[in-house]
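**Q** This is the structure, below, for whatever I ask next.
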Amino acid sequence: MSPVDRIRVVVADDHPLVREGLRTFLTEREVQVVGEAADGAEAVRLALALRPDVVLMDLRMPALDGIEATRRLRSAGAPCRVVILTSYGEEERAADAVRAGAVGYLLKDVARRELLQAVRDAAVGRATLHPVAREQLRRDRLGRRPPEAKRAPMPTLTRREREVLALVASGESNKRIAGTLGLSEGTVKGYVSAAYEKIGARDRAQAVLWAVRNGLAS
């Protein structure tokens, strides 16, 4: 893979040893760490200046925490995808991170291959959520559900659109979805586009997060 094709990553964590470990962790031909930040404000500045593909963002940092930094990047229209890294016991912040715009939420004890895969997925717009974070998102959805009279109507998806969206949320490609459902890849793309429009998703990551919040994904 040429340097031009490598996934460009900014690492944000207030602990130098963690940043060093992540940099070593991510040393792969396809990944290039282009910047390191010691706090959330610096992470925002670097991400806007360097325009990486992915930002690995610690949840708890001085100046700005990872969630507020993510929110500011989204507000600024930054094209990067944010993956939040957190310590065990902080999974309850998953819903806040997703609402802020993160496409990934992982624990810091994640295996190297899983972290690399999360970076790859984030770079192409696929979401990666720790199982505990997925469960927290579902609970958050139920706990925050407004009264029937005030609840926004659920988008009306066809049976096939729901099937396709559930498979998208499980990480399947359009080609694999086509094989599973016995459809052409072009037909699957049509269902994906229709579902995205109905749920207000701009990309695969937003669709996955919507599916998790609304019970279409386990």
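Every read-out reported here was derived from the displayed coordinates using simple, explicitly stated rules and does not represent laboratory data. As the structure is a prediction and not an experimental result, all values here were calculated from the model. For neighbour counting, all protein chains shown are included, and Cβ atoms are generated from backbone atoms with ideal geometry for every residue, glycine included.
**Q** Could you calculate the contour length gain from A76 to V34, that is, 0.36 nm times the residue separation minus the distance between their Cα atoms, to one decimal place in nm?
**A** Details: separation 42, 0.36 × 42 = 15.12 nm, distance 2.00 nm.
Extra length available between A76 and V34 comes to 13.1 nm.
**Q** May I ask you to derive the FRET efficiency for H15 and L48 from their Cβ-Cβ distance with R0 = 22 Å, giving the value to the nearest 0.05?
**A** 0.45
**Q** If the range 146-213 were replaced by its equivalent ellipsoid, with semi-axes equal to the square roots of 5 times the Cα gyration tensor eigenvalues, what would those be, largest first, whole Å?
**A** Over the Cα atoms of the range 146-213, the ellipsoid semi-axes are 24, 12, 10 Å.
**Q** For the range 24-101, what class follows from the C-alpha gyration tensor (a ≥ b ≥ c being the square roots of its eigenvalues): rounded when a/c is under 1.5, otherwise prolate if a/b is larger than b/c, else oblate?
**A** Taking the square roots of the gyration eigenvalues as a ≥ b ≥ c, the range 24-101 is oblate.
**Q** Right, next: Quick one: which of 185-194, 116-125 comes out on top by average Cβ neighbours within 10 Å, and what's the full order, highest first? Intermediate values should be presented prior to the final figure.
**A** Working: 185-194: 16.4, 116-125: 19.1.
Listed from highest to lowest mean packing, they are 116-125, 185-194.
**Q** Over the range 3-141, how many percent of alpha carbon pairs lie in each 5 Å bin up to the one with the longest distance?
**A** Computed distribution, short to long bins: 2, 12, 23, 26, 22, 11, 3, 1, 0.
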